[in-house]
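Right, one structure below, let's go through it.
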Ligand code: TRP
């Protein structure tokens, strides 16, 4: 079977370091292994509209921001198809048919949708489109016959829902859809990178994100203001690592080669952590190290982004071409789905012949 990767992001803002360690970095690595027969990276504008229906301009403006972040991270249009969800109408058609295979109570149990409903104060009146976006996400994944979906932990319920739809579809209509596998980050810090304030959720409205395109001074400002261990007051005090954002970020970003480069008095992260726990290591020293690490990680991304920003029409052209290719692939899947569902009347000569025979008797 072909190996196909698909994933995507809602264009509601620039992408941040949580997106990066949660999925983006992995996508680029996987892209560059050459192991995949096809790779689809989708800007999920239609999904973004499910909870931004009254703010289309925000979604429109952020398409290019996300595309630039993708290219800056090393997604390569020669190897990966970058496309825009709304330009593939076949996805709506698939969603419409999948809706018959999902119950309202099953959607109500989706923990990610539940918490999003709370966060957006949708309790009293949930838009139907928002409530059903997990079904449209199943269409995104199955339209491209994705086998691998690299995403953050919060997307796990969507992949489970997709798998259920695939199983149900295949058992009712015959083997048609491909069962996808979720690919989560293997490092706990990357699974759920907190905001700089230590809050579990990184979000623009909380102002606690470090963006991929952040300027060096702002990265430093944010690192220096990070939440650490509030009981670690004097340098001599023993410090805690759990819930200590600076160490969580080091777990997500630190590479062995950064020690000789930036902090040669320690061998590795374990030694640094042990010293912090014992006492005698100040927060500022660890923050300075993390700042160096993040600067080293983000500088090449920021520089590449600036290069792509010089030719914005070329970036739109990448998306246009990618959307065109994505559409042909989704068209083929939709054809197979309609045949399996017996709604391919005009393509089925056997049907017409048999009906003719029936009525001639
Ligand atoms: N739900 C994803 C997010 O919030 C975006 C998305 C839409 C997606 N369709 C997808 C991710 C399909 C992976 C596969 O970022």
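Read-outs: derived from the displayed coordinates by stated rules, not from any lab. Predicted model, so just to flag it, every value in this text is computed and none were measured. As a convention, Cβ positions derive from the backbone with ideal geometry for all residues, glycine included, and neighbour counts pool all protein chains shown.
Brief remarks follow.
- Mean residue ellipticity, 222 nm, helices only, the chain: the sum of -39500 (n - 2.57) across DSSP H runs of n ≥ 4, divided by residue count and rounded to 500, is -16500 deg cm²/dmol.
- Comparing 252, 189, 124 in a Gaussian network model of the chain (Cα springs below 10 Å), the most mobile by mean-square fluctuation is 124.
- Relative protection proxy for 290-300, 312-322, 134-144, 21-31, from highest mean packing down: 134-144, 21-31, 290-300, 312-322 (other beta-carbon atoms within 10 angstrom).
- Note on the chain: with a GNM built from Cα contacts shorter than 10 Å, the maximum mean-square fluctuation among 151, 102, 172 falls on 172.
- Most mobile listed residue (76, 270, 218) in the chain, GNM with C-alpha springs under 10 Å: 270
- Alpha carbon centroid spacing (whole Å) that separates segment 62-121 from segment 224-273: 36 Å
- Whole-percent P(r), segment 216-307, all Cα pairs, 5 Å bins from 0: 3, 13, 25, 24, 19, 9, 4, 2, 1, 0.
- Cα-based Rg and Dmax for segment 1-152, where Dmax is the largest Cα-Cα distance (Å): 15.6, 48
- Cα-based Rg / Dmax (Å) for the chain: 23.6, 97
- Protection proxy ranking of 350-360, 176-186 - average other beta-carbon atoms within 10 Å, highest first: 176-186, 350-360
- Cα-Cα pairs of segment 133-189 separated by more than 16 Å (percent): 39 percent
- Peptides 274-285, 43-54 ranked from most to least packed, by the mean per-residue count of other Cβ atoms within 10 Å: 43-54, 274-285.
- Least to most buried among 91, 334 (fewest other Cβ within 10 Å first): 334, 91
- Rounded to 10°, Cα long-axis angle of helix 269-278 versus longest principal axis of the chain: 50 degrees
- Here 204, 338 are placed in order of increasing Cβ neighbour count within 10 Å, fewest first, which gives 204, 338.
- Segment 262-361 pair-distance distribution - Cα-Cα, 10 Å bins, rounded %: 11, 18, 13, 12, 14, 13, 8, 6, 4, 0
- Virtual spin-label span in nm between residue 160 and residue 271, 7 Å along Cα→Cβ: 4.3 nm
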